[in-house]
Amino acid sequence: MGKFELKGKTIVRLETVEAKGRWSARLDRGQKLTLVDLKGHQAIDFLCFSATMPLDRINLPNTVKLNKSLYITKGSKIYSDHAQVMMSVVEDTCGFHDTLAGCCSCEIDRVRYGVEKHESCRTNFIAELAGWALGPSEIVSNINFFMRVPFDDSGKIEIADSVSKPGDYVTLVAEMPVIVVISNCPQTDNPAAGFAPTPVEVSIWE
Ligand SMILES: [Zn+2]
């Protein structure tokens with residue numbers, strides 16, 4: 001599928017990521033990425049890497065410190081290990097997105113829920129990163145779009161019910177050439193995906 005015009009935008013890619021699925025793409029500087037939570041209450045685990053500078057990738061401590069916020073929303077910037085701006089959030093209808101909880105894995109679900117699984121955001125990331133010749137050691141703390149992890153003054157946190165509604169979306173612009181990697185969270189044992197994972201829509205546009 002080539003580029004096409006839609007509502008005044010030039011669409012480079014427009015795809016639905018199935019429930020529990022995964023996706024990745026390279027964006028040139030200036031291209032935009034929109035993630036749509038089609039059904040609501042669906043966490044999208046998100047990593048990004050510099051497409052031109054080896055070993056520079058999303059760094060959430062840098063992102064939190066430089067944004068002065070534990071939440072990602074409109075106006076937030078995503079910073080790299082080298083404190084470079086990788087992407088900026090230019091639209092957000094949800095309000096805030098998590099930087100604390102990282103991705104789910106079969107290992108932590110065995111510990112916290114006593115279940116044996118074969119699917120998780122970590123297994124999704126491992127599979128998707130392999131296509132870019134990146135190994136499991138490249139999985140670092142990620143953003144969880146549409147996931148709500150409140151915290152209180154004592155430091156207590158929890159994965160809470162998401163506030164994202166059907167059709168909520170977030171748009172990021174690439175501030176450098178990046179590779180973005182997404183896991184459409186397959187979690188069924190906590191509210192990250194509303195206990196019932198659903199599809200999401202991704203698009204790259206100019
Ligand atoms: Zn997950």
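Among the numbered criteria (1) touching a strand residue (DSSP E or B) at 6+ places or on another chain (Cβ under 7 Å); (2) outside any helix (DSSP H, G or I), which single criterion is violated by Asn124?
Of (1) touching a strand residue (DSSP E or B) at 6+ places or on another chain (Cβ under 7 Å); (2) outside any helix (DSSP H, G or I), only one is false for Asn124: (2).
I'd like the full set of residues that are among the hydroxyl-bearing types (Ser, Thr, Tyr), open to solvent by less than 10 Å² (accessible area, probe 1.4 Å) and under 13 Å from the mean Cα position of the chain (by Cα), limited to the range 161-206.
Residues satisfying the conditions are Thr171, Ser183.
Within the range 96-117, is even one residue assigned to a strand (DSSP E or B) and either open to solvent by 20 Å² or more (accessible area, probe 1.4 Å) or within 15 Å of the ligand (Cβ to nearest atom) (or both)?
yes
Looking at Ser141, Ser154 in this structure, which one is within 19 Å of Asp109 (Cβ to Cβ), surrounded by fewer than 20 Cβ atoms within 10 Å (Cβ to Cβ) and at pLDDT 95 or above?
Ser141
For the range 132-167, which positions are of a type in the set (Lys, Arg) and farther than 19 Å from Ile44 by Cβ?
Once the filter is applied, which keeps residues that are of a type in the set (Lys, Arg) and farther than 19 Å from Ile44 by Cβ, the range 132-167 yields only Lys156.
For the range 7-36, enumerate the residues that are open to solvent by less than 20 Å² (accessible area, probe 1.4 Å) and touching a helix residue (DSSP H, G or I) at 6+ places or on another chain (Cβ under 8 Å).
Across the range 7-36, the qualifying residues are Gly21, Trp23, Ser24.
For Val140, are the conditions met, namely being more than 13 Å from the ligand (Cβ to nearest atom) and either assigned to a strand (DSSP E or B) or under 14 Å from the mean Cα position of the chain (by Cα) (or both)?
When the stated conditions are applied, Val140 passes them.
Tally time: how many residues in the range 162-196 are in a helix (DSSP H, G or I) and away from the ligand (no atom under 11 Å from the Cβ)?
1
The values are calculated or read from the model by the stated rules, or taken from the named source; none is laboratory data. Every value quoted in this text rests on a predicted model; they were computed, and no experiment measured them. So basically every Cβ, Gly included, is an ideal-geometry build from the backbone, and we count neighbours across all protein chains shown. Accessible surface is based on the protein model in full, side chains and every heavy atom, while ligands, DNA and RNA are left aside. Shrake-Rupley method; radii C 1.70, N 1.55, O 1.52, S 1.80 Å.
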